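Input: a single structure, listed below in structure tokens.
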Amino acid sequence: SAFKDLKSSPFSTGEEKTPHDMVTGYNNFYEFSTDKTGPAKLSKNFRSDPWSVSIEGEAEVTGTFSLEDLIKPHTLEERIYRLRCVEAWSMVVPWVGIPLGDILKRFKPLSSAKYVYFETLNDPEQFPGQKRQVLDWPYREGLRMDEAMNPLTILATGLYNDPLLAQNGAPLRLVVPWKYGFKSIKSIVKIKFVKEMPETSWNMSGPKEYGFYANVNPKVAHPRWSQKREVRLPSLFGSKNTKTQLFNGYADQVASMYSGMNLRKYF
Amino acid sequence: MLKNQHIKIIKPLIFLVALLPLAMVAQGIYMRTLVNPLEGIIHTSGEWALRFLLITLAMTPLKEITGSAHWIKFRRMTGLYALFYASLHFMAWIGLDQLFIVEEIIESIIDRPYILFGTTALLLMIPLGVTSTKGMIRKLGKRWKKLHQLVYPIAILGVVHFVLLVKKDLTEPLIYAAILLALLGWRARLRVAKIRKRHV
């Protein structure tokens, strides 16, 4: 394994981890393919080194930073999180990463920065799926400032103690464990502090089906399927016998950010 | 030209080939290469139910175009396979997805048009399966043909079910829609031609 002396985290779950081959072989990453086994096959030549990230917007420090410069000052942690896809399957993934808030603070966001906006690399040469307009590329995501600063939110650089593979969003991706997986944007090239709620990819493509918040919530159904239960992978016949938890089981850490908010309206 | 003894070989071959999708899912589950078996079973069975419906609908045009009546001999089998895969699709949804919870099943059918369309299509297929025997064909006479014209609304419901349920990429369901449209269009054209003849 590539990482040494990973800090363990009290936020890690003790639940059974989804096997490595499943985490790296079953991926929703439309930049490669809409077929879940496609990303692992089509990403062999993806170049995630060298990599740089552009930091923009409402902050004192902005500019382009190499991946090393972004990561180096921080201690990598292992975070074993539940991952809940909006399609009602879930995994348990041992991520390696850094709290997003620790990185963002270095850029001294201004008080006008209310949201953080993220963008995935836009390069159809490397992302064959981008040759078709399945989504309006580049992939975009965003978080409210307090969500971005929440200690659960991490930027991941690895999983299962190894650097991220391309199909999992190498070399740098977001992990927001209380939200549906599509919020956890992969292969990030841009982070921008913004004043207004940014436009986000799935919300743009289906505003009635995918909200900006996308908090895991068993009581708010997707228009085409219930979110009450999920398939925890691995699973022999894959029955949905796991009950979905509000905020994916992270209510203690995140519920206060949404107190007084109508979660049905702001889904 | 196909001969009767060829049909005797081809029929069991089609029977076996038609089981391959099911065998592949079973192998995926057994070998643990199918990460999400629920999704695998539901997608595969649904896809093949639709494919067999379209194949079944293609037999009459093939007969007319090739001038060989043999095609019709495969029609019962492909039709029954459509029913077989549709039933598997429905049972997997009822059992693995809905865990046999009756209130939730009813709620889903009422709340979600695509489930209502799919369920209706399956229910309509059952009488066609039941009346597919030689005895029933004889017994029903002219009414048999009328009853089995239900295959058209069934296929339309099936394709609409698929179009409504996909998450984003409509390419695949639209291919099915185009094939269905071609198959129905071919029949409509024939019918129009017949009516014209009558009026001349």
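Observations on the structure shown:
- Remark: pairs (first residue in the stretch A:242-264, aromatic (Phe, Trp, Tyr); second residue surrounded by fewer than 17 Cβ atoms within 10 Å (Cβ to Cβ) and not in a loop (DSSP other than H, G, I, E, B); Cβ separation under 7 Å; 6+ apart in sequence or on different chains) = A:247/A:255.
- Qualifying residue in the stretch B:75-94 (condition: free of Cβ contacts under 8 Å to residues at least 60 places away in the same chain, at positive phi and either more than 12 Å from every other protein chain (Cβ to nearest Cβ) or aromatic (Phe, Trp, Tyr) (or both)): no
- Figure legend. Inter-residue proximity from the stretch A:221-240: first residues more than 7 Å from chain B (Cβ to nearest Cβ), second residues among the small types (Gly, Ala, Ser) and assigned to a strand (DSSP E or B), beta-carbon distance below 7 Å, spacing 6+ or different chains. Indicated pairs: A:230/A:90; A:232/A:90.
- Among the residues of the stretch B:134-179, those identified as among the charged types (D, E, K, R) and either closer than 30 Å to residue A:87 by Cα or touching a strand residue (DSSP E or B) at 6+ places or on another chain (Cβ under 8 Å) (or both) are B:167, B:168, B:169, B:172.
- Residue selected from the stretch A:106-132 under the condition out of contact with any helix residue (DSSP H, G or I) (no Cβ under 8 Å at 6 or more places or on another chain) and within 20 Å of residue A:74 (Cβ to Cβ), by the criterion most open to solvent (accessible area, probe 1.4 Å): A:108
- For the criterion of being of a type in the set (Asp, Glu), away from every other protein chain (no Cβ under 14 Å) and surrounded by fewer than 18 Cβ atoms within 10 Å (Cβ to Cβ), residue B:103 fails.
- Scanning the stretch A:19-32 for residues that are at the interface with chain B (Cβ under 9 Å from one of its Cβ atoms) and assigned to a loop (DSSP other than H, G, I, E, B) returns A:19, A:25, A:26, A:30.
- Sole exception among (1) within 14 Å of chain A (Cβ to nearest Cβ); (2) more than 18 Å from residue B:58 (Cβ to Cβ); (3) in contact (Cβ under 8 Å) with a residue 24 or more places away in the chain for residue B:126, by number: (1)
- Condition check for residue B:29: farther than 19 Å from residue A:37 by Cα and among the aliphatic types (A, V, I, L, M): no
- All helices (runs of 4 or more DSSP H) inside the stretch B:1-90 with 2 or more residues being under 26 Å from residue B:117 (Cα atoms) and open to solvent by 50 Å² or more (accessible area, probe 1.4 Å): B:37-66
- Tally, over the stretch A:134-148, of residues that are open to solvent by 10 Å² or more (accessible area, probe 1.4 Å) and over 30 Å from residue B:172 (Cα atoms): 3
- Note on the stretch A:170-209: among residues that are touching a residue at least 24 places away in the same chain (Cβ under 8 Å) and among the charged types (D, E, K, R), the one that is farthest from the other protein chains (Cβ to nearest Cβ) is A:195.
The values are calculated or read from the model by the stated rules, or taken from the named source; none is laboratory data. Since the model is a prediction, treat every value here as computed from it, not as a measurement. Cβ: placed from backbone, ideal geometry, glycine included. Neighbour counts: every protein chain shown. All accessible areas refer to the heavy atoms of the entire protein, side chains included, with ligands and DNA or RNA removed. Shrake-Rupley method; radii C 1.70, N 1.55, O 1.52, S 1.80 Å.
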